[in-house]
Amino acid sequence: MLRVENLHVSYGAVKAIKGISLKVNDGEIVSLIGANGAGKTTVLHTITGLVQPEDGIIEYNEINLQAVAPNKIVTLGLAHVPEGRHVFTQMTVTENLLMGAHYRKDRNKIEGDLEVVYESFPRLKERSRQFAGTLSGGEQQMLAMGRAMMSKPKLVVMDEPSMGLSPLLVKEVFNIIKTMHDNGITVLLVEQNAKMALSISDRAYVLETGKITMSGNASDLLLDERIKKAYLGA
Amino acid sequence: MSGSLQTLSDFLQCLIVGLRLGSVYALVALGYTMVYGIIRLINFAHGDFIMVGGYTLFFTIPAMLAVNDKLPIWLAVIVAIAVCALVGVTVELVAYRPVRKKGTNMTALITAIAMSLFLENLAQAIPAIGPNYKIMRRMFSNKAVLNFLNISLDWTTLLTILIGASVMIGLQLFVKKTKLGRAMRAVSEDKQASVLVGINVNRTIIITFAIGSGLAAVAALMYFAQYSTIMTTSGTMLGLKAFVAAVLGGIGIIPGAMLGGLVIGLVESFTTGYISSSLADAFVFLILIIVLIIKPAGILGKNVGEKV
Ligand SMILES: Nc1ncnc2c1ncn2[C@@H]1O[C@H](COP(=O)(O)OP(=O)(O)O)[C@@H](O)[C@H]1O
Ligand SMILES: [Mg+2]
């Protein structure tokens, strides 16, 4: 579904991504784990066109994404839940969700999808008329995920959805990811919380300073000594 | 007429004049605030858009009447709106966007000042405009709507207030209720998230420029309906005061520009009526300074660090 080949990305003189390749197959949950500054966000930004690569191939369902305008990528069914939520703080919760459906032409279906999202996130429904800026971090994360769902995605890339959340909320967020996956959405998940990420993933890649150093089945990686030491705090 | 009635009518007269002035300031302030909201730039050329709108009216009115002298004169504002929107969009495309891509905030600011001077000089260079002032045709009737308790309310004043109010209500509904209005709010808050939900950010910025600049044309109609002389620097002082209004209300905040405009208009009119017309501008700036000391982000502004 998603194929990244030999990707190189630089910010000026800083080489952030040094030739990585990865793929995500239809129906999978794949995670990309790595420490702060490893380049995870850069990979996702390059996939959804927010950053231009120096070199490499990014294909989504055989479409060359570099030839697609960044704001058209969501229309292909590829949604991005960005690091730090990026909800529209000055808009209400409902308006934020409607923003997710902004590109959609099937206006008469949007109302119904809004109800579906509110059923998955009762906490958001209670706060539907509140400004998103007044929500807690966990609620904002749910809103960012709900907004992505409103775009009817086939593939969602998520950037550290558990960042800054209490253990209870982390669990809730991962449950939501699983539910989205059960509903047929393919997921590329970026996380520092390797344990949680690996536990729900099919496969995973480990990113260290711009290079992929390990990859494989998530269940194997969970048992790998090097992973345990570096990322699982064991 | 008794003394207290006279006091009341003086007050009402100041109120009416203040609302008239305030409506003009508010529409101009909206242009500053909408552009600031979406690209964080003080568009110093915005005051000159009023001048562009004014001259467009000046030349369109006789041309229009030559075609059909039954047409109402204010109809020329449609042409002025189109011209101002076009000038605003051109300034954005030719000057601001390229500088935004390459330069810093300071270069953008200097570009805006340059665009202001450029428009004024360009206007002067046009032979039909030149350096001397011109007299506008009367746009609305100056007949009194009512004459009551020594209060005079003429059609120009009444229509200015009514047009101002309807434009402001319309704009507020547009921004709050329509998809395009939502996109404008989204882009002004978070460009990255806007791209991710599929908004064409550059197109939204252009539309914002078109609307903000078009409002300057409506303001020009209202302003020159009252003050009939026009010259190439006509927009400068009005632009400056409207900018003060935008800052007073909270720059980047649409209701703030409306409120700020009305406050400035009322302060100016009451100072003129009760103290002295020569102090009116001084009071306007005094109010600005006091408000900014108490609330640096403006009346409706949120006192948080500047958002990027
Ligand atoms: N906009 C930017 N400009 C310059 N350097 C950047 C920018 N964004 C990220 N970087 C650098 O690129 C590297 C990778 O960053 P990032 O992709 O954010 O990592 P991660 O998401 O894994 O924490 C870091 O060294 C970071 O400092
Ligand atoms: Mg990151």
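The values are calculated or read from the model by the stated rules, or taken from the named source; none is laboratory data. Not measured: the values here are computed from a predicted model. Don't worry about glycine lacking a Cβ; one is built from the backbone with ideal geometry, like all the others, and counts go over all protein chains shown. Surface areas here come from the heavy atoms of the whole protein model, side chains and all, with no ligands, DNA or RNA. Shrake-Rupley method; radii C 1.70, N 1.55, O 1.52, S 1.80 Å.
DSSP beta bridges fully contained in the protein assembly as shown are about 60 percent antiparallel.
Distance between the C-alpha centres of region A:128-147 and region B:65-98: 42 Å, rounded to the whole angstrom.
Name the shape class, rounded, prolate or oblate, that the alpha-carbon gyration tensor gives for region B:218-300, where a ≥ b ≥ c are the square roots of its eigenvalues, rounded holds for a/c under 1.5, and otherwise prolate holds if a/b is larger than b/c and oblate otherwise. Verdict is oblate for region B:218-300.
Comparing A:M1, A:S201, A:S136 along the charge dipole axis of chain A, the residue lying farthest to the positive side is A:S136, per the Cβ-charge model. Summed over both chains, the accessible area lost when A and B associate is about 2000 Å², using a 1.4 Å probe. Rolling a 1.4 Å probe over the protein heavy atoms of the protein assembly as shown, with every protein chain left in place, gives an accessible area that is 62 percent carbon and sulfur.
Our Cα-only numbers for region A:125-172 put the radius of gyration and Dmax at 11.5, 30 Å.
Sequence-distant contacts, meaning Cα pairs under 8 Å at least 6 residues apart, place the relative contact order of chain A at 28 percent. Angle of helix B:155-177 to the longest C-alpha principal axis of chain B, folded into 0 to 90 degrees and rounded to 10: 30°. Output the 0 to 90 degree angle, nearest 10, between the alpha-carbon long axis of helix B:280-294 and the longest principal axis computed from the alpha carbons of chain B. It is inclined by approximately 50 degrees. Sorting A:K171, A:K229 on solvent-accessible area from highest to lowest, probe radius 1.4 Å, gives A:K229, A:K171. The lysines within cross-link reach of B:K176, meaning a Cα-to-Cα straight distance under 25 Å and a gap of 8 or more places when in the same chain, are A:K72, A:K105, A:K109, A:K125, A:K152, B:K191, B:K302, B:K307. Across every pair of non-identical alpha carbons in region A:163-211, the mean reciprocal distance, once inverted, gives a Kirkwood radius of 11.9 Å. A 1.4 Å probe, protein heavy atoms only, puts the accessible area of A:K195 near 130 Å². Please say if region B:124-242 is rounded, prolate or oblate, where rounded means a/c under 1.5 for a ≥ b ≥ c the square roots of the C-alpha gyration tensor eigenvalues, and otherwise the choice is prolate for a/b larger than b/c and oblate otherwise? Oblate shape, in that a/c is at least 1.5 and b/c is the bigger or equal ratio.
Normalised by the number of residues in chain B, the average gap of Cα pairs under 8 Å and 6 or more apart makes the relative contact order 36 percent. Surface listing: B:R203, B:R138, A:R129 arranged by accessible area from highest to lowest gives A:R129, B:R203, B:R138, probe 1.4 Å.
Can you tell which of B:L71, B:T157, B:T107 lies farthest toward the positive end of the dipole of region B:22-234, using +1 and -1 charges on the Cβ of basic and acidic side chains (Lys, Arg; Asp, Glu)? Value: B:T107.
A probe of 1.4 angstrom, applied to the heavy atoms of all protein chains, finds A:L98 with accessible area near 40 square angstrom. Computed extension gain for B:L279 through B:L5, at 0.36 nm per residue and net of the alpha carbon distance, reaches 96.0 nm. Shape class of chain B from the Cα gyration tensor (axes a ≥ b ≥ c, square roots of the eigenvalues): oblate, since a/c reaches 1.5 or more and a/b does not exceed b/c.
Dipole check for chain B: with +1 at the C-beta of Lys and Arg, -1 at the C-beta of Asp and Glu, and the Cα centre as origin, the magnitude is about 920 Debye.
Per the Cα gyration tensor, the protein assembly as shown maps to an equivalent ellipsoid with semi-axes of 55, 25, 20 Å, ordered largest to smallest. Per-residue Karplus couplings for region B:247-264, computed as 6.51 cos²θ - 1.76 cosθ + 1.60 with θ equal to phi - 60°, are listed in order as 5, 4, x, x, 5, x, 10, 4, x, x, 5, 5, 4, x, x, 5, 4, 4 Hz, Gly and Pro entered as x. According to the Cα-based calculation, Rg over Rh for region A:25-175 is 0.96, with Rh computed by the Kirkwood formula. Solvent-accessible surface of the protein assembly as shown, averaged per residue with a 1.4 angstrom probe and all protein chains in place: 44 square angstrom.
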